[in-house]
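Shown next, in structure tokens, is the structure this report addresses.
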Amino acid sequence: MENVIEAIGLTKSFGAFTAVNAISFHVQKGEIFGFLGANGAGKTTAIKMLIGIANPTSGAAKVAGFDVFTEAESIKRNIGYMSQKFALYDDLTVKENITFFGGIYGLTRAAIKTKTQALIDELNLENVANHLVGSLPLGWKQKISFSVALLHNPKIVFLDEPTGGVDPITRRQFWEMIYKAAHQGTTIFVTTHYMDEAEYCDRVSIMVNGKIEALDTPKNLKKTYKAENMNDVFLKLARG
Amino acid sequence: MRLFLGFVKKEFYHILRDRRSLFILFGMPIIQILLFGFAITNEINHVNIAIFDHSKDVTTHEIINKISASSYFTINQLINNEKDIESVFKKGKIKAVLIFERDFNKKLITNKSPTVQIIADATDPNTANTISNYINAIIQTYVKEINKDVPVVYQINAQSHMVYNPELKSVFMFVPGVMTVILMLVSAMMTSISITREKELGTMEILLVSPLKPIQVIAGKVIPYVFLSVINAMVIIVLSIFIFKMPVQGSLILLGFESVLFIITALALGILISTISATQQTAMMISLMGLMLPVIILSGFIFPVGSMPLPLQIISNIIPAKWFIIILKAIMLKGVGIMYIWKETLILLAMTLFFIILSTKKYKIRLE
């Protein structure tokens with residue numbers, strides 16, 4: 001299998017404080033990789049280094065085949081990113097949002113048009129395509145936001161707590177979208193605080209105080225830590 | 001380029017769909033210029049005064065006629081009792097009382113110099129001063145008139161001639177100031193708010209993860225405001241020319257060039273503010289307190305820089321608005337060319353570069 005993310009001893013320090021302490025891992029193509037950790041464990045900093053908006057202090061990493069130190073611009077072209085805020089423009093319509101984000105990834109006008117139509121059909125948005133995004137429910141925004149992150153067919157999509165504040169049914173539907181994207185060969189790198197979602201991942205890493213303390217399939221993790229579910233695994237590790 | 005145009009288009013959607021910012025952008029300049037032009041003025045017009053005439057003779061009548069004939073004063077009341085003076089002031093309508101002493105004409109003829117007392121309501125010191133000056137002037141003119149056949153020896157006549165604003169219209173002073181305030185407000189506050197809004201919404205993060213370079217993001221946010229500010233500057237100039245007869249003696253092209261330069265200064269400041277503030281509210285507060293107040297108070301817009309205490313005079317030098325107001329007045333009222341204002345222009349240019357470099361640096365640090 002091809003590795004789309006490879007990190008070796010990736011470290012980020014802010015003065016005397018080491019936010020990310022020499023983490024090493026790899027993610028395979030088409031994998032759903034769960035990146036877990038308590039608040040403040042260093043997840044966000046790690047992601048920032050991988051998506052090219054923060055420079056690592058030391059170590060090495062390649063994302064989509066490009067070096068995080070020297071080829072951040074190429075990385076940006078090959079990844080999608082969705083934050084916990086489902087950041088779309090509320091005062092733009094669904095169509096205008098899609099056009100704008102397609103535009104900044106350099107999609108041609110024709111491509112944007114086809115993509116927009118495909119997206120509207122897929123998410124059943126015919127009736128609201130010309131409505132302002134601000135008037136839509138959170139769950140819809142989340143789905144549109146995810147689809148927008150996939151607009152330019154990235155090799156990897158980074159999802160930073162993509163299901164925060166969303167009801168269980170919508171979360172379930174959202175994970176179906178994730179599966180579909182992974183099935184089509186997109187690698188999914190996802191952080192979450194919902195442990196039931198961790199069970200859906202192919203492999204899960206758990207960060208504690210800047211280090212990756214565990215990395216395996218959910219099944220093996222439960223076995224190793226003699227836990228009933230991922231929640232117990234997480235608690236055992238995070239409490240140390 | 002197409003990428004960039006898409007960005008600018010999106011920015012216009014933001015502005016045009018937000019009624020509040022639309023109002024600040026286009027309503028405010030018009031309201032401010034009209035307010036300053038019409039309401040706030042140092043000139044006096046039809047001020048109500050009262051007369052207490054002890055003599056009631058030919059001379060006092062003539063003087064009173066002169067005063068009431070001018071458009072500055074309206075004689076509202078005749079007083080016959082000393083006690084009434086105070087009560088007249090307390091009612092507040094009368095701003096000055098003129099008291100002619102007894103035997104006015106007789107004293108004048110017998111060369112004993114009669115006195116007119118002017119009592120002015122100094123709760124508003126500026127107006128009181130102006131009223132007393134105006135009445136004085138009217139009386140002096142009258143004295144000259146009656147003396148015109150009498151040869152006077154040893155007399156010095158001071159002849160004042162006001163250049164660049166012969167009628168001393170206060171609007172000539174306010175237009176450059178208001179233009180400066182508005183351009184500063186629109187350019188700096190609106191850009192800093194619109195950039196911090198993206199931070200708050202989380203869209204800034206998305207933009208930074210995209211292949212867009214940070215400089216493109218900032219330029220895309222700023223360019224619509226350059227465009228709108230230029231329109232604003234034009235609206236202000238047109239309004240002041242047609243409504244207030246403000247002259248533009250100098251070159252319109254030079255005026256345009258200097259305005260664009262100042263707009264860019266303000267935008268650079270706006271970017272700088274957005275790099276240090278996390279929320280729209282902070283950005284707005286910093287813009288208002290940190291920019292508006294100095295612009296209004298220290299730039300020489302309302303209070304002349306020359307009469308400030310030395311420390312304030314020194315501080316006023318680092319306020320871009322001060323230099324822009326000097327430039328504006330020079331072009332509009334004196335009609336000078338770039339040879340006379342190159343120094344001020346250079347200072348503005350240097351400040352702009354400084355702000356741009358500083359904000360780019362700050363912006364990069366923030367990215368870490």
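Please treat every number below as a calculation from the coordinates, not as lab data. Note that the structure is predicted; figures quoted are calculated from it, not measured. Cβ: placed from backbone, ideal geometry, glycine included. Neighbour counts: every protein chain shown.
For region B:47-146, the Cα-based Rg and Dmax, in that order, read 13.1, 38 Å. Using the rule -39500 (n - 2.57) for each DSSP H run of four or more residues, divided by the residues of chain A, the 222 nm mean residue ellipticity is -11000 deg cm²/dmol.
The trypsin sites (Lys or Arg not before Pro) of region B:139-236 that DSSP puts in a loop, and whose beta carbon has at most 15 other beta carbons within 10 Å, are B:LYS148. Between the helical axis of A:230-239 and the longest alpha-carbon principal axis of chain A there is an angle of about 50 degrees.
Could you let me know the centre-to-centre spacing of region A:56-94 and region A:159-187, using Cα atoms, in angstrom? Each part reduced to its Cα centre gives a spacing of 18 Å. The distance separating the Cα centre of region B:18-90 from that of region B:308-368 comes to 39 Å.
Taking the C-alpha atoms only, the angle from helix A:94-104 to the longest principal axis of chain A is near 60 degrees. Projecting label points 7 angstrom from Cα along Cα→Cβ for A:SER13 and B:LYS93 puts them 8.3 nm apart. A quarter of the convex hull surface defined by the alpha-carbon atoms of region A:46-119 gives 6.0 nm² as the mean projection.
Tell me, what is the FRET efficiency for A:GLU122 and A:ASN39 to the nearest 0.05, using R0 = 30 angstrom and their Cβ-Cβ distance as r?
Working: r = 34 Å, r/R0 = 1.12.
The pair A:GLU122/A:ASN39 has a calculated efficiency of 0.35.
Annotation: the antiparallel percentage among DSSP beta bridges lying fully within the protein assembly as shown is about 50. Evaluated at q = 0.09, 0.12, 0.13 Å⁻¹, a Debye calculation over the C-alpha positions of chain B (equal weights, vacuum) places log10 I(q)/I(0) at -0.67, -0.94, -1.03.
Distance between the modelled labels on B:GLN77 and B:ASN65, one decimal in nanometres: 2.6 nm (7 Å Cα→Cβ projection). Applying 1/(1 + (r/R0)^6) with R0 = 45 Å to the Cβ-Cβ distance of B:PHE257 and B:ILE109 gives a FRET efficiency near 0.10.
The DSSP beta bridges internal to region B:47-146 are antiparallel in roughly 30% of cases. By the beta-carbon count within 10 Å of each Cβ, the least crowded to most crowded order of B:SER55, B:SER192, fewest first, is B:SER55, B:SER192.
Loop-located GluC sites (Glu not before Pro) in region B:61-94 (DSSP state not H, G, I, E or B) with no more than 13 neighbouring Cβ atoms inside 10 Å: B:GLU82.
Please give the calculated 222 nm ellipticity per residue for chain B, where each DSSP H segment of at least 4 residues contributes -39500 (n - 2.57) and the sum is spread over every residue; nearest 500 deg cm²/dmol?
-19000 deg cm²/dmol
The label-point distance for B:ILE215 and B:ARG20, in a model that sets each label 7 Å from Cα toward Cβ, rounds to 3.4 nm. Arranged from fewest to most other beta-carbon atoms within 10 Å of their beta carbon, B:LEU348, A:LEU36, A:LEU138, B:LEU108 become A:LEU138, B:LEU108, B:LEU348, A:LEU36. Extension gain, B:ASN165-B:SER132: 0.36 nm per intervening residue step, less the Cα-Cα distance, totals 9.7 nm. Length gained on full extension, A:ASP167 to A:ALA60: 34.7 nm, using 0.36 nm per residue less the C-alpha separation.
Taking the convex hull of the alpha carbon atoms in chain A, what volume per residue do you get, in Å³?
Considering the Cα atoms of chain A, their hull volume per residue is 126 Å³.
Going from the residue with the fewest nearby Cβ atoms within 10 Å to the one with the most, B:HIS14, B:HIS61, A:HIS183 rank A:HIS183, B:HIS61, B:HIS14.
Computed over the alpha-carbon atoms, region B:186-274 gives an Rg to Rh ratio of 1.12, Rh here being the Kirkwood radius from the mean inverse distance. Taking every alpha-carbon pair under 8 Å whose residues sit at least 6 apart, chain A reaches a relative contact order of 26 percent. For the protein assembly as shown, taking Cα atoms only, Rg and Dmax work out to 36.1, 124 Å respectively.
One chain, two ends: A:ASN231 and A:GLU6. Fully extended at 0.36 nm per residue, the span grows by 78.3 nm beyond their Cα-Cα distance. Legend: distances between Cα atoms for A:LYS62/A:LYS155; A:LYS43/B:LYS361; B:LYS144/B:LYS245; A:LYS12/A:LYS223; B:LYS66/B:LYS106; A:LYS211/B:LYS213; pairs beyond 22 Å are A:LYS43/B:LYS361; B:LYS144/B:LYS245; A:LYS12/A:LYS223; A:LYS211/B:LYS213.
If both residues of a DSSP beta bridge must be in chain B, then about 30% of such bridges are antiparallel. Compared with the dominant Cα axis of chain B, that is its longest principal axis, helix B:320-329 is turned about 50°.
Annotation: region A:8-136 has a Kirkwood hydrodynamic radius of 17.2 angstrom, from the mean reciprocal C-alpha pair distance.
With a Förster radius of 45 Å applied to the beta-carbon distance between B:LEU5 and B:PHE242, the computed FRET efficiency rounds to 0.85.
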